[in-house]
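**Student:** One structure, as structure tokens, below. Some questions next.
The values are calculated or read from the model by the stated rules, or taken from the named source; none is laboratory data. Model, not experiment: these values are computed from the prediction. Counting neighbours? That spans all protein chains shown, and the Cβs are built from the backbone with ideal geometry, glycine included. Side chains included, ligands, DNA and RNA excluded: accessible areas come from the protein's heavy atoms. Shrake-Rupley method; radii C 1.70, N 1.55, O 1.52, S 1.80 Å.
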Amino acid sequence: MLMAQSSSFSTIDNKKEKVVVCNCNFEAKVLQAWTVDNPGRRFYTCEGRRVSNGYQTCNFFRWYDVEKPHGWQYTALLGARNVMRQQREEISNLRNQVRELSLENVRIGRAVRLENESSGQTPPDSDLNCEACEALRGEILVLNERSMVYRNVLITLAVGFTVVICVFMGILKW
């Protein structure tokens, strides 16, 4: 490919291996191509960087794998690429099914709750009911603590008021 031949590159020594540096003078990222011509072939590219309001890259490109895949490797890589695409599609479909089933489960739970409420039955224990109960218990604890604080403040004020009244009465008798 002409682009690969015309791209400039440099390397720097990094402890155990040489690192390819792009035109921005940053370490180039290794990606893998899955095109028909270059299945599984790796290449260096500029990872880019954030600048003020956008993203900037120098469009650096250099093949990591010097030789193109050929023969049985080429066929095997194309087959692997197709399998990966099928698996990605299957995973996507399964995620959509899980999402739909979760929504359906929520709808069914709401319908059962409404039916139980309308018939006067007590609803069965469910995760939502348990979560609601726990939330209410937490609120009750907070309200009890506030009540104790208010009671203590009220008692302190009453004692303080009584002391002040006694002091004034004592001063007036003198």
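**Student:** Determine, yes or no, whether residue 72 is under 23 Å from residue 42 (Cα atoms) and exposed (fewer than 10 other Cβ atoms within 10 Å of the Cβ).
**Tutor:** Yes, satisfied.
**Student:** Could I ask something else about it? Test residue 42 against the stated conditions and say whether it is modelled with pLDDT of 85 or more, out of contact with any helix residue (DSSP H, G or I) (no Cβ under 9 Å at 6 or more places or on another chain) and either open to solvent by 60 Å² or more (accessible area, probe 1.4 Å) or over 25 Å from residue 74 (Cβ atoms) (or both).
**Tutor:** So residue 42 fits the description; yes.
**Student:** Next up: Scan segment 149-174 for residues that are open to solvent by 100 Å² or more (accessible area, probe 1.4 Å) and in a helix (DSSP H, G or I) and report the count.
**Tutor:** Total meeting the criteria: 10.
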